[in-house]
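Worksheet for the structure shown next.
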Amino acid sequence: MSFFQEPPRTDAEQELGKPLELSPEEVNAFDEAEWYKRAYRGDVPQFTFRAVLTGSILGFFLAFTNIYIGLKTGWLLGVALTACILSFAIWGSFSKLGLTKSPMSILENNCMQSTASAAGYATGNTMVSAIPAMLMLSVSEAHPGGVHKPWYVLALWVFFLAVLGTTLAIPLKRNLINQERLKFPSGTAAAVTLQGLYNKGAEAAAKARALFLAMGLGVLLPLVRDLKLLPSKEKKHDHGLIPDSSEIFDWLHRVLPKSLRIFQIPEVRREELMHKLELKEPALELSHWTLSLEHSGVLVAAGALVGLRTTFWMVAGGLYLAFVLGPEALGSPFVNAQGITVYAATMPMKAWKEIGIWLGAPMLVASGLIAFAAQAKTMVRAFQGIFRKSAAADGAEKGYREGDISESAEEQAAHAKARADVEVPGSWFWTGIVISTVGVVGTARAFFEVPIPYGLLAVAMTAVLGLVACRATGETDITPGGAMGKIMQLTFGKLIPQSTTANLMTAAITSGSALAAADLLNDLKSGYLLGASPRRQFLAQAAGIFTGTAATVLCFYILVPDASALGRDFPAPGAQQWKAVAEVFRYGLANLHPMAARCIVHGLIVGSVFALAELLFPKAKAWLPSPTGIGLGLTLPFASPLAMFLGALIAWVLQRGAKTWAEKYLVPIAAGAIAGESIVGVLVQALNNFVLKG
């Protein structure tokens, strides 16, 4: 098998590359043998150089968007649909202009989105969680900005985690996709989108125009907001043309009762805080608690994708922090072991990361672990699926699912040959496992204080937990990478409590690899529904790892030149949570501020109760408090949840007032806005940090 295929040139080759006459829903109903006969397109051109190059370029820039928004909100957003629309529009334009002999086929675009997804999504998880958490924990008097690991260390880490996750997906593909036919909603959506793009040219062009228009508008905001061109007294270049946010709520402190705790400064800290905040009267304003309107299109667009329920409860969590928890923390003294009086919150604008994190992070951990435990049937099915003998493996047995018809000897032989020619060979799996295990364990030992036996244990646990995470993705479209990571943090917090670095990095092995494995399976599901070659698609995914590694490491260094950027420019809520869990094991609850210790207990209880309520009353879930939303609202500056809520509210209104329009254009517009602002936002930060820095 040659590496790259030639793109379709002749009319006959282009005809072979046309979309299936079968819909993705029809293909999903096929059993494995029928798929080989009726859906598989053969080894027609799909893994072409132009497809991989396009996916690599798009994935490189889309990786910037995910690191940017991941450090802003804690979420990573799938990039496959965005890449599909962009690629279709770009190559359609090339074809019209006569710059290419043939347009990119649907199977080429499917390979392209595999490369783009690997580059833009599968490699980014650890760069918005464990790595920034480790940087924050390295802050000291000698190194107030923390200590960055060398770029090559991060590159090795990101690369080998992605290789491990991609490799782990190989043996799961036949079980979860061919045989059990799990939906993998994101993969199915990508297949439906590609089918629609190639069958409905006018509608596809309209979606592409909407995406590009939103991207163009998104480009403008960071140029006028973030590019520090206006000088101030303190620094040479300190401001953009417009501020980061508007203090639109401060007038309320003049009409609301002054007895509200949110406005009051504790007597014991009155003089100190009035001096630090440059106040003329002993009264705080709402903007001191980060209650303002952030000028961020990317957060509004992200909120439109996340949804109204989660963002509403994010706002509720932020208001609770500002009106109740924060004021109490501001005046809660504690004399530590060194005899120094410390407060649960030193400043009102820091309350979200000084006390909110200790209530919000336990809520997220508890709800995630309960949701994971509730998937007991999923776990059983996962292991049964791996160890159960499949129909194709033994011709004497009947089909995999009840109701399948036994195959004749000739059909069994043809089926086995097709499988051997089409599916990813076992030799690729074992080669990938050896390379990735050696790479992960060696990097962890050399640079992250993880002894080799513990590194091997982490990889073994990843193989088990990653299996469960992939099945959960196939059934619900949610990859519980965070919950998997917390299980690892809890495990290694007991095994190596003295090392926060080891605690973070062993958890990163599972979280990052599970995400990469689930991403490949989503891509393989898309290819399955379109009749693509799994081998070619695996190669496309693997190619994206190289680009993604370069993009995510470069982007992280640009956005986070030192630890001060985390919390100032980027809240990094995911990293704050990982850091908090690691610190609990390092210092023990006895060394925490008593209020923080109480918040941990309360957060675990409340998160558990809300998570159980969602499980026990699924029909009422839309009206129940969201532990994810409240937890995130407590661990972000209030302006961020508010911007996301506004986006979700706008999307909700559009979905009810203009449902057809919203179904067509809401996702492309949101994706375009995120891509435009994020990509230019990274470039602006590079100018600020390396060119305009005085």
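The figures follow:
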quantity: Test: residue in region 653-671 that is among the aliphatic types (A, V, I, L, M), open to solvent by less than 20 Å² (accessible area, probe 1.4 Å) and not in a helix (DSSP H, G or I); calculated: no
quantity: Which numbered condition Phe312 misses (of (1) within 30 Å of Met274 (Cα to Cα); (2) at pLDDT 90 or above); calculated: (1)
quantity: Some residue of region 534-544 being within 18 Å of the chain's Cα centre (by Cα), among the charged types (D, E, K, R) and open to solvent by less than 10 Å² (accessible area, probe 1.4 Å); calculated: no
quantity: Condition met for Val434 (part of a helix (DSSP H, G or I), modelled with pLDDT of 70 or more, open to solvent by 30 Å² or more (accessible area, probe 1.4 Å) and over 20 Å from Tyr40 (Cβ atoms)); calculated: yes
quantity: Any hit, region 262-277, residues being part of a loop (DSSP other than H, G, I, E, B) and aromatic (Phe, Trp, Tyr); calculated: yes
quantity: Test: residue in region 559-571 that is in a helix (DSSP H, G or I), farther than 18 Å from Val147 by Cα and open to solvent by less than 10 Å² (accessible area, probe 1.4 Å); calculated: no
quantity: Filter result for Ser246 (touching a residue at least 24 places away in the same chain (Cβ under 8 Å) and within 23 Å of Ile630 (Cβ to Cβ)); calculated: no
quantity: Checklist (1) open to solvent by less than 10 Å² (accessible area, probe 1.4 Å); (2) modelled with pLDDT of 90 or more; (3) of a type in the set (S, T, N, Q) applied to Thr635, failing item; calculated: (2)
quantity: Residues satisfying the stated conditions in region 485-495, i.e. open to solvent by 10 Å² or more (accessible area, probe 1.4 Å) and either touching a Ser or Thr at 6+ places or on another chain (Cβ under 7 Å) or closer than 22 Å to Gly442 by Cβ (or both); calculated: Thr491, Leu495
quantity: Failed item, numbered, when Gln384 is tested on (1) in contact with a helix residue (DSSP H, G or I) (Cβ under 9 Å, 6 or more places away or on another chain); (2) among the polar types (S, T, N, Q); (3) assigned to a helix (DSSP H, G or I); (4) modelled with pLDDT under 85; calculated: (1)
quantity: Residue within region 270-283 that is of a type outside the set (D, E, K, R), open to solvent by 40 Å² or more (accessible area, probe 1.4 Å), more than 23 Å from Val224 (Cβ to Cβ) and out of contact with any helix residue (DSSP H, G or I) (no Cβ under 9 Å at 6 or more places or on another chain) present; calculated: yes
quantity: Counted residues, region 1-57 - those being of a type in the set (A, V, I, L, M), open to solvent by less than 20 Å² (accessible area, probe 1.4 Å) and at pLDDT 85 or above; calculated: 5
quantity: Cβ pairs under 8 Å, 6+ apart, first in region 665-694 and at pLDDT 85 or above, second of a type in the set (S, T, N, Q) and surrounded by fewer than 21 Cβ atoms within 10 Å (Cβ to Cβ); calculated: Leu666/Gln655
quantity: Which listed residue is under 30 Å from Arg445 (Cα atoms) and in contact with a His (Cβ under 7 Å, 6 or more places away or on another chain), from Leu76, Leu135, Leu71, Leu154; calculated: Leu135
quantity: Condition met for Ala351 (open to solvent by less than 30 Å² (accessible area, probe 1.4 Å), touching an Asp or Glu at 6+ places or on another chain (Cβ under 6 Å) and either of a type in the set (S, T, N, Q) or closer than 16 Å to Trp289 by Cβ (or both)); calculated: no
quantity: Residue tally, condition without any contact (Cβ under 8 Å) to a residue 60 or more places away in the chain and touching a strand residue (DSSP E or B) at 6+ places or on another chain (Cβ under 9 Å), over region 304-354; calculated: 3
quantity: Residues of region 608-638 that turn out to be part of a loop (DSSP other than H, G, I, E, B), over 25 Å from Glu354 (Cα atoms) and in contact (Cβ under 8 Å) with a residue 12 or more places away in the chain, as a count; calculated: 1
quantity: Evaluation of Ala63 against (1) in a helix (DSSP H, G or I); (2) within 25 Å of Val163 (Cα to Cα); (3) modelled with pLDDT under 85 (one fails), failing number; calculated: (3)
quantity: Considering residues of region 82-112 that are open to solvent by 40 Å² or more (accessible area, probe 1.4 Å) and not small (Gly, Ala, Ser) only, the residue nearest to the chain's Cα centre (by Cα); calculated: Phe88
quantity: Criterion (β-branched (Val, Ile, Thr), open to solvent by 10 Å² or more (accessible area, probe 1.4 Å) and touching a residue at least 12 places away in the same chain (Cβ under 8 Å)) met by exactly one of Val79, Val158, Val139; calculated: Val139
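The values are calculated or read from the model by the stated rules, or taken from the named source; none is laboratory data. Everything quoted here is computed from the prediction, not taken from an experiment. Note: ideal-geometry Cβ built from the backbone for every residue, glycine included; neighbour counts use all protein chains shown. Heavy atoms of the whole protein, side chains included, go into the accessibility calculation; ligands, DNA and RNA do not. Shrake-Rupley method; radii C 1.70, N 1.55, O 1.52, S 1.80 Å.
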